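*Asks:* Just passing along the structure, written as C-alpha cells.
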Amino acid sequence: MDFNLTQEQTQFADALRRWVEKDYGFEQRKQIIESAEGISDKAWGGLAELGALALPVPEEQGGFNGSAIDMLVIMQELGRGIVIEPYFATVMGAEFLKKSGKHADVLEQIAGGEVKLANALGERQSRHDLFDIATTASKIGDGFVLNGSKTVVLHGAQADKLIVSARSNGAQRDTNGISLFIVDANAEGVSRRDYRTIDGYRAADISFSNVQVSADALLSAVDGGWELLDAVADYGVTLLCAESIGIMEAITAATLDYLKTRQQFGVPIGKFQVLQHRMAEMFMEMEQARSMATLAAVKIASDDVEERRRTVSAAKARVGQAAKYIGQQAVQLHGGMGVTNELPVAHMFKRLTTIELTLGDTDHHLARFVAQPGFKSAA
C-alpha cells in the first residue's frame, strides 16, 4: 500500500499551511480566543474559500467527497496551526448526515460555510461511554420531545444545528434504544451555557426542555442509533489523532529551535548530548504515533466493524501516549517559559491534553481494544 500523499493532497496541505501562516498566526489566534465569540467569522470564511469545509461533503451536495486520508492531511495542518475554529465539530457532525443519507440541504450549507454543527453526545455521568444516555426522546404524534442535558459540547454555543443522542427505549446504559436527531440550536426549549476550555476552545452545557422535533429530524432508525453513533465517534477519533500529529510536529520543531538558540555556559543547550537524546526520543514517539494515525484513517472505512474499532482504539491509545511524552518533554526543555501563554508551546500542550480526554482517553481505548472479540484468540 502506498502511503505517500498525492499531488492534490500535498497542494491542499500547502495552501492551508500558507493560510495559517498568513492569516491565522499566533497573535491573531490569541485575539480570537480572548474575543466574546471565541471564533472568527473571517477565519471560517477563509476555510470555506480554501475548500476545507467542502472536502468531506459528497459531490452531490457540492463537496469534494474527501476520504479519511484527505481529512488526515487537513487536520494535521489545522493542528500545526492550533486553529480553534469549529471545524472538527462541524465535519464530525457532517459525517452523521452523510451516513444517515438525510438532510442533503444541510450538507450543502456546510460545504458553503453557511452552517456550523456541534455534537451533543456526552452527559455528566457518561464519561467516555457514549451509550450511557439519560436524555430522553418521547414519541408524540408524528414527532418526538427531547428532555435532558449534554455537557462539554465542543462549540455547542457557536453551532447553528446540533446532533443529539437520546434514549428512546431501554435502560440508561443499553446500546439498544438509542436514537439520533438533528436539532436547531435555537429551537424553543434549548438553552446553552458557553465557556472557554483550557486549550482556548469553546464548549457549552446544553439543556433540552420539552424540545419538539419532527420525524424528519431523526437520523437513525428509532432505537437503532448505536451503530451510527459508534461509527461516527470512531471517525471523530481519527480526526483527533491526525490533529495531534500536526501539533506534535509543531511542538517538536519549536523545541528544537529553542535548543539551538538558548545558550548556557557559552554554547547552545542543544549541544548537550542528553538533550539530543530526548529530542531523538520525541521524534521516535511522533513517528510511531503518525503510523498508527495513518492506519486508523485507512481502516475507518472498513466493513469489518471489529477491525475498525480495534485499529481506531489502538491509534488513539498510541497517539495519547506519544502526545503526553512529547508535550511534557517540550515543556520541560523550554524550562519555566514552557508553561507561559506567551509561547505557542504551552497552547499546544494544553490542546494535546484536551484531545487525550476527547472521545475516550488512553485507558478507555486500551480497554476497548482488549475487549474486541478477536483479541483473546490473537493473543
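*Asks:* Which numbered condition in (1) within 19 Å of Leu352 (Cβ to Cβ); (2) out of contact with any Leu (no Cβ under 6 Å at 6 or more places or on another chain) is the only one that Ala54 fails?
*Replies:* Answer for Ala54: the failing condition is (1).
*Asks:* While we're looking at this one, here's another question. Here are some conditions: (1) farther than 30 Å from Thr340 by Cβ; (2) out of contact with any Leu (no Cβ under 7 Å at 6 or more places or on another chain); (3) open to solvent by 10 Å² or more (accessible area, probe 1.4 Å). Ile182 meets all but one. Which one does it not meet?
*Replies:* (2)
*Asks:* Among the small types (Gly, Ala, Ser), modelled with pLDDT of 95 or more and assigned to a loop (DSSP other than H, G, I, E, B) - does that describe any residue in the stretch 347-361?
*Replies:* Looking through the stretch 347-361, at least one residue is among the small types (Gly, Ala, Ser), modelled with pLDDT of 95 or more and assigned to a loop (DSSP other than H, G, I, E, B).
*Asks:* Hey, among the residues in the stretch 1-24 that are of a type in the set (A, V, I, L, M) and open to solvent by 30 Å² or more (accessible area, probe 1.4 Å), which one's modelled with the highest pLDDT?
*Replies:* Only one residue fits best here, namely Leu5.
*Asks:* If I ask for residues that are free of Cβ contacts under 8 Å to residues at least 40 places away in the same chain and of a type in the set (A, V, I, L, M), which ones from the stretch 235-268 would you list?
*Replies:* Listed by number, the residues that qualify are Ala253, Leu256, Val267.
*Asks:* Looking at the stretch 274-281, can you tell me whether even one residue there is assigned to a helix (DSSP H, G or I), under 18 Å from the mean Cα position of the chain (by Cα), among the hydrophobic types (A, V, I, L, M, F, W, C) and more than 30 Å from Ala367 (Cβ to Cβ)?
*Replies:* no
*Asks:* Here's a follow-up. At pLDDT 95 or above, open to solvent by 10 Å² or more (accessible area, probe 1.4 Å), under 15 Å from the mean Cα position of the chain (by Cα) and not hydrophobic (A, V, I, L, M, F, W, C) - does that describe any residue in the stretch 49-57?
*Replies:* Within the stretch 49-57, none of the residues are at pLDDT 95 or above, open to solvent by 10 Å² or more (accessible area, probe 1.4 Å), under 15 Å from the mean Cα position of the chain (by Cα) and not hydrophobic (A, V, I, L, M, F, W, C).
*Asks:* Report, ordered by the first and then the second residue, all pairs with beta carbons closer than 7 Å, sequence separation of six or more or different chains, a first member in the stretch 331-344 that is closer than 18 Å to Gly270 by Cβ and part of a helix (DSSP H, G or I), and a second member that is modelled with pLDDT of 85 or more and open to solvent by 70 Å² or more (accessible area, probe 1.4 Å).
*Replies:* Close Cβ pairs satisfying both conditions: Val331/Val339; Gly338/Gln332.
*Asks:* Then there is this: Restricting the search to the stretch 255-265, which residues are open to solvent by 50 Å² or more (accessible area, probe 1.4 Å), assigned to a helix (DSSP H, G or I) and either hydrophobic (A, V, I, L, M, F, W, C) or within 30 Å of Ile69 (Cβ to Cβ) (or both)?
*Replies:* Those that are open to solvent by 50 Å² or more (accessible area, probe 1.4 Å), assigned to a helix (DSSP H, G or I) and either hydrophobic (A, V, I, L, M, F, W, C) or within 30 Å of Ile69 (Cβ to Cβ) (or both): Leu256, Asp257.
*Asks:* Would you check which residues across the stretch 28-45 are of a type in the set (A, V, I, L, M), assigned to a loop (DSSP other than H, G, I, E, B) and surrounded by 11 or more Cβ atoms within 10 Å (Cβ to Cβ) and list them?
*Replies:* Within the stretch 28-45, Ile39 is the sole residue that qualifies.
*Asks:* Please pick out the residue among Met92, Met75 that is more than 25 Å from Ala221 (Cβ to Cβ), under 20 Å from the mean Cα position of the chain (by Cα) and crowded, with 18+ Cβ neighbours inside 10 Å.
*Replies:* Unique residue meeting the criteria: Met75.
*Asks:* Return the residues of the stretch 296-314 that are open to solvent by 60 Å² or more (accessible area, probe 1.4 Å) and either touching a Gly at 6+ places or on another chain (Cβ under 6 Å) or in a helix (DSSP H, G or I) (or both); say none if nothing qualifies.
*Replies:* Those that are open to solvent by 60 Å² or more (accessible area, probe 1.4 Å) and either touching a Gly at 6+ places or on another chain (Cβ under 6 Å) or in a helix (DSSP H, G or I) (or both): Lys299, Arg310.
*Asks:* Name every residue in the stretch 107-117 that is more than 20 Å from the chain's Cα centre (by Cα) and buried (at least 18 other Cβ atoms within 10 Å of the Cβ), in order of residue number.
*Replies:* Result: Glu108, Gln109.
*Asks:* Kindly indicate the residue of the stretch 190-212 that is open to solvent by less than 20 Å² (accessible area, probe 1.4 Å) and within 16 Å of Thr135 (Cβ to Cβ) and also nearest to the chain's Cα centre (by Cα) among those meeting that condition.
*Replies:* Going through the qualifying residues, I end up with Ala204.
*Asks:* OK, next. Looking only at residues that are small (Gly, Ala, Ser) and part of a loop (DSSP other than H, G, I, E, B) in the stretch 162-189, which one is nearest to the chain's Cα centre (by Cα)?
*Replies:* Taking the candidates together, the pick is Ala185.
*Asks:* Please tell me if Ala159 is of a type outside the set (D, E, K, R) and surrounded by 23 or more Cβ atoms within 10 Å (Cβ to Cβ).
*Replies:* Judged against the criteria, Ala159 is a match.
*Asks:* Among the residues of the stretch 266-277, is any surrounded by 13 or more Cβ atoms within 10 Å (Cβ to Cβ) and under 25 Å from Val83 (Cβ atoms)?
*Replies:* The answer is no; no qualifying residue exists.
*Asks:* Turning to a different aspect of this structure: I need every pair where a residue in the stretch 148-173 that is among the hydrophobic types (A, V, I, L, M, F, W, C) has its Cβ under 6 Å from the Cβ of a residue that is assigned to a loop (DSSP other than H, G, I, E, B) and open to solvent by less than 10 Å² (accessible area, probe 1.4 Å), sequence separation at least 6 or different chains.
*Replies:* Ala159/Ala185; Leu162/Ala185; Ala166/Thr135
*Asks:* Within the stretch 218-254, work out how many residues are at positive phi and open to solvent by less than 10 Å² (accessible area, probe 1.4 Å).
*Replies:* Within the stretch 218-254, residues that are at positive phi and open to solvent by less than 10 Å² (accessible area, probe 1.4 Å) number 0.
The values are calculated or read from the model by the stated rules, or taken from the named source; none is laboratory data. Every value quoted in this text rests on a predicted model; they were computed, and no experiment measured them. Note that each Cβ is placed from the backbone with ideal geometry, even for glycine, and that neighbours are counted across all protein chains shown. In case anyone asks, the SASA skips ligands and DNA or RNA and just uses the protein heavy atoms, side chains included. Shrake-Rupley method; radii C 1.70, N 1.55, O 1.52, S 1.80 Å.
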